[in-house]
Each structure stands twice: as structure tokens, then as C-alpha cells.
Ligand code: ADP
Ligand code: 5GP
């Protein structure tokens, strides 16, 4: 068996997808879930309230503040951060179990969390999802219709900080077309795993 076909010799299978609120991360993740079900997607713990279409256990593990405090105190989280008034974190154990089994693992998290993963697991692939333009980002965030004006303003302020940090990531992918973004992500994962040069933009 050649090195690239031996699962044990595969390089890191952890991918982090980050980018400003409204850029389309959840949309990309939902498509990946449907088209590439073998990519395991971490389910984050959050103190945010569920949105109408969100399913507990699938989109998030919704919890109260004290349960989040306990998860932090017990070292259960691989990373965590506060975002627009709520806390979000990645449960550590399921991620490590999947990686040990050789599965592909995807985290969809914000900038501070991506930095923590970079520090803890420098071999992870960090992908920044960027909007085609600032105007399109603002339109997507507003058009989603899930936040009020105050929260949208908070998220747009944070988006400026996140956009300024794009260079910290291994690669930036522009979310023009969700299908193309997913194909690009999978191509990037494959190139990391077999140590080849990532293909040019699709
Ligand atoms: P995020 O998870 O990054 O906050 P969402 O996935 O909720 O963003 O997307 C924000 C809005 O933008 C949603 O209404 C979604 O349908 C829309 N959207 C996402 N990707 C695209 C795209 N490539 N083209 C047009 N609209 C998009
Ligand atoms: P939303 O409230 O829109 O679902 O998520 C707000 C932000 O939190 C998004 O940027 C999303 O990527 C991020 N996020 C979701 N889960 C986690 C997590 O486990 N850790 C961190 N650091 N950020 C997360």
C-alpha cells in the first residue's frame, strides 16, 4: 500500500472553516453534509438561543450559561470564544475520537477559536471563507432575517475584524457559488492528506 493510501500515514484531517457572520458558512456546511456525509462536522456547544429552523444536536448543542461554564472548567472544549453576546465552543472528545479513527473532521468556528486551534493543532488546515464584497456580506446578513438591527450591527462590526485577519489562514476561498466552494474545500482536504499541491481555484 502506498503512503497516500495508508490511512495511518495520512496527514492531518482536521479542517477549520471560518469567516464573517453572513458569509455563508452554515450554507456551505449544510451542502457538505448532504453531498459529502463522510466529512464529520463537529456540533458546537452554545449559549445562544436556537433560531426557528435550527435543530438541537444537529446544528448546535444549546445550553445554559452554567452548563457552558462547567464545560470550560472541566476542560471539555478544544476551543471556545464569545461572539455577539453568546459563547460558542467545540467539544474536544468527539473531535479527537474521529481524528483517531482517520475520519475527516470539519469545524465551523469564528476567528478567536480558529486561532486557538492553530495554537493547539498547528497541522490543521485553516480556511477563510470571504464574501465577494462588503456590500454582498451586509446584504446576506440582513437578508437572512434571523437577527434584529442591533445584532446585525454587532456582527458587521465583528466582520471587519475577521476580514482583516484573513491572511492568518492557510487559504482564502471566496463564496460566490456554494457548489464551487464545497468542491474547492474537498480538493484542499485531499491535497493536505496526500501532501500534494492544492489545485488552483475552481
Ligand atoms: P453564516 O453561517 O456564515 O453566518 P449563512 O450560511 O447563514 O452565513 O448565510 C447567510 C445568508 O447568505 C443566507 O441567507 C444564505 O442563504 C445566503 N448565502 C450563503 N451563500 C450564498 C451564496 N453563495 N450566494 C448567495 N447567497 C448565499
Ligand atoms: P451563529 O450565531 O451565526 O450560528 O454563529 C456565530 C459565530 O460563531 C459564527 O462565526 C460561527 O462560525 C461561530 N461558531 C459556531 N460554533 C463555534 C464554536 O464552537 N467555536 C467558536 N469559536 N466559534 C463558533
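Can you spot a residue in the range 34-43 that is in contact with a helix residue (DSSP H, G or I) (Cβ under 6 Å, 6 or more places away or on another chain), closer than 26 Å to residue 138 by Cα, part of a loop (DSSP other than H, G, I, E, B) and modelled with pLDDT of 95 or more?
no
Any residue in the range 103-121 that is over 15 Å from residue 168 (Cβ atoms) and touching a residue at least 60 places away in the same chain (Cβ under 8 Å) sitting within a Cβ distance under 7 Å of a residue that is within 7 Å of ligand 2 (Cβ to nearest atom) and assigned to a strand (DSSP E or B)? List the pairs, counting only those 6 or more apart or interchain.
Here the result reads 107/90, each pair linking the range 103-121 to a residue that is within 7 Å of ligand 2 (Cβ to nearest atom) and assigned to a strand (DSSP E or B).
Can you list residue pairs whose Cβ atoms sit under 6 Å apart, with the first residue in the range 125-152 being within 21 Å of residue 185 (Cα to Cα) and in contact (Cβ under 8 Å) with a residue 60 or more places away in the chain and the second being assigned to a helix (DSSP H, G or I) and within 12 Å of ligand 2 (Cβ to nearest atom)? Count only pairs 6 or more apart in sequence or on different chains.
126/114; 129/25
Do you know which residues across the range 156-171 are within 30 Å of residue 192 (Cβ to Cβ) and surrounded by 13 or more Cβ atoms within 10 Å (Cβ to Cβ)?
158, 159, 162, 163, 165, 166, 168, 169, 170, 171
Considering only residues of the range 32-58 that are without any contact (Cβ under 8 Å) to a residue 24 or more places away in the chain and surrounded by 12 or more Cβ atoms within 10 Å (Cβ to Cβ), which is nearest to ligand 2 (Cβ to nearest atom)?
Result: 54.
Among the candidates 23, 29, single out the residue that is under 28 Å from residue 193 (Cβ atoms), more than 8 Å from ligand 2 (Cβ to nearest atom) and assigned to a loop (DSSP other than H, G, I, E, B).
23
Keeping to the range 150-169, report how many residues are away from ligand 2 (no atom under 16 Å from the Cβ) and modelled with pLDDT under 95.
0
Considering only the range 59-81, I want to know if a residue exists there that is within 20 Å of residue 28 (Cα to Cα), surrounded by 17 or more Cβ atoms within 10 Å (Cβ to Cβ) and near ligand 2 (Cβ under 9 Å from one of its atoms).
Taking every residue of the range 59-81 in turn, at least one turns out to be within 20 Å of residue 28 (Cα to Cα), surrounded by 17 or more Cβ atoms within 10 Å (Cβ to Cβ) and near ligand 2 (Cβ under 9 Å from one of its atoms).
For the range 192-202, which residues satisfy the criterion of being assigned to a helix (DSSP H, G or I), touching a strand residue (DSSP E or B) at 6+ places or on another chain (Cβ under 9 Å) and over 19 Å from residue 109 (Cβ atoms)?
Answer for the range 192-202, where residues must be assigned to a helix (DSSP H, G or I), touching a strand residue (DSSP E or B) at 6+ places or on another chain (Cβ under 9 Å) and over 19 Å from residue 109 (Cβ atoms): just 193.
The values are calculated or read from the model by the stated rules, or taken from the named source; none is laboratory data. What you are looking at is a predicted structure, and each value in this text was computed from that prediction instead of being measured. In this analysis, Cβ positions are derived from the backbone assuming ideal geometry, glycine residues included, and neighbour counts consider all displayed protein chains.
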